[in-house]
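Please read the structure below before turning to the comments.
Readers should treat all values here as calculations from the given coordinates under stated rules, not as data from a laboratory. Not measured: the values here are computed from a predicted model. When we count neighbours, we look across all protein chains shown, and the Cβ atoms used for this are built from the backbone with ideal geometry, even at glycine.
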Amino acid sequence: MTAKIIDGKAFAATVREKVAVHVARIKKDHGITPGLAVVLVGEDPASQVYVRSKGKMTVEVGMNSYEHKLEIDTKEADLLALIDQLNNDPAVHAILVQLPLPDHLNEDLVINSIDPAKDVDGFHISNVGLLATGQKSMVPCTPLGCLMMLRGQLGSLSGLDAVVIGRSNIVGKPMAQLLIGDSCTVTVAHSRTKDLPDVVRRADIVIAAVGRAEMVPGDWIKKGATVIDVGINRIDAPEKGEGKTRLVGDVDFTSASAVAGAITPVPGGVGPMTIACLLANTVTACCRANGLAEPDDLTV
Ligand code: NDP
């Protein structure tokens with residue numbers, strides 16, 4: 001069997017097109033432009049790339065982008081004051097604080113100071129609770145993107161066995177909640193899981209969110225399973241020349257794609273969907289803030 005490649009880039013382009021249509025409609029009918037504020041503390045190169053690309057795509061779909069770049073030694077009180085200002089700014093419908101934050105800043109405190117209605121990442125404790133109890137919330141972007149691709153590939157997920165490898169607050173746990181919401185039978189695996197290969201072999205859906213290069217080989221995958229590879233790992237690539245590197249996922253793509261029914265590549269799978277879902281969540285937040293009908297094709 002050769003797996004179908006789930007093209008995250010194409011999927012994300014479709015989501016962005018839908019976002020752009022909704023943005024144009026909101027502007028035309030209500031005179032409102034959805035706005036996303038991104039806060040970056042420090043100069044982490046990867047975070048700078050993400051923030052630049054988020055800002056560019058926000059503008060491309062017709063929304064307002066507000067970037068706030070703060071020095072690495074920014075005091076917690078000053079960051080909280082900025083968030084308070086953004087919470088009270090009616091032009092800002094969504095706020096994203098780029099993680100990780102420098103060590104001297106309390107990440108939980110900062111995230112929980114964002115107005116939950118503007119918490120576009122869905123990390124605020126209120127949104128975590130709403131998602132866990134099956135209520136309307138802001139849904140974390142990466143798991144939302146994974147769910148959209150799964151539904152696009154499989155239609156109904158009801159009754160399928162799913163394993164989520166990884167139990168982080170930003171990927172593994174919300175992913176498991178979303179799969180439960182779609183009536184999967186969900187196993188959450190982690191570093192203490194006994195006989196992980198056996199657990200994975202039983203799954204119709206495998207979500208790998210670990211951060212270990214190519215740790216899931218093809219012989220762990222059930223024939224025909226759908227594999228979503230969230231991992232982003234940079235490894236040496238001597239074949240490309242001295243000192244060169246390349247990105248790989250948590251799944252060994254070559255062996256897994258010989259067994260799986262469908263699989264996301266890295267790069268070009270989950271990554272592009274994460275940013276597309278950030279834009280989708282911004283539109284959702286804008287609609288909720290203004291009492292407008294929410295687009296039903298941009299969320300769960
Ligand atoms: P974390 O480091 O927060 O969590 C990793 C999880 O993997 C933990 O629950 C850990 O278990 C588990 N784990 C570690 N080693 C093993 C093992 N040997 N067997 C089974 N489970 C193991 O990572 P994140 O959730 O933040 O990210 C995971 C990956 O996804 C990373 O590569 C990250 O870069 C990528 N990512 C990609 C995004 C995208 O847009 N494509 C967005 C966000 C993340 P335990 O809890 O027991 O320690």
Listed by chain and number, the residues whose amide H is under 5 Å from that of THR185, excluding neighbours fewer than 5 places away on the same chain and using placed H, are GLY159, LEU160, ASP161, ALA162
In the chain the cysteines whose Cβ sits 4.7 Å or more from every other Cys Cβ are CYS146, CYS184, CYS286, CYS287
For the chain, the Cα-Cα pair-distance distribution in 20 Å bins from 0, as whole percents, is 33, 57, 9
One computes Rg over Rh for segment 136-206 from alpha-carbon atoms, with the Kirkwood Rh, and obtains 0.96
Computed over the chain: longest principal axis from alpha-carbon atoms vs helix 76-87 long axis, angle to nearest 10 degrees, is 80 degrees
To the nearest 10 degrees, the tilt of helix 141-154 (Cα long axis) against the first principal axis of the alpha carbons of the chain is 50 degrees
Dividing the mean separation of Cα pairs under 8 Å (6+ apart) by the residue count of the chain yields a relative contact order in percent of 22 percent
Amide H neighbours of ALA237 at under 5 Å, excluding residues fewer than 5 places away on the same chain, with H built from the backbone geometry, are LYS244, THR245, ARG246
Spelling it out for VAL259: with amide H atoms placed in the peptide plane at 1.01 Å from N, the residues 5 or more places away or on another chain with amide H under 5 Å from its amide H are ALA3
The helix 172-181 Cα axis meets the longest alpha-carbon principal axis of the chain at an angle in degrees, between 0 and 90 and rounded to 10, of 90 degrees
Taking a ≥ b ≥ c as the square roots of the eigenvalues of the Cα gyration tensor, with a/c under 1.5 meaning rounded and otherwise prolate when a/b exceeds b/c and oblate if not, segment 141-272 is prolate
Protection proxy (average C-beta count within 10 Å per residue), highest first, orders 261-273, 223-235 as 261-273, 223-235
Using alpha carbon centers only, segment 216-273 is separated from segment 50-89 by a whole-angstrom value of 32 Å
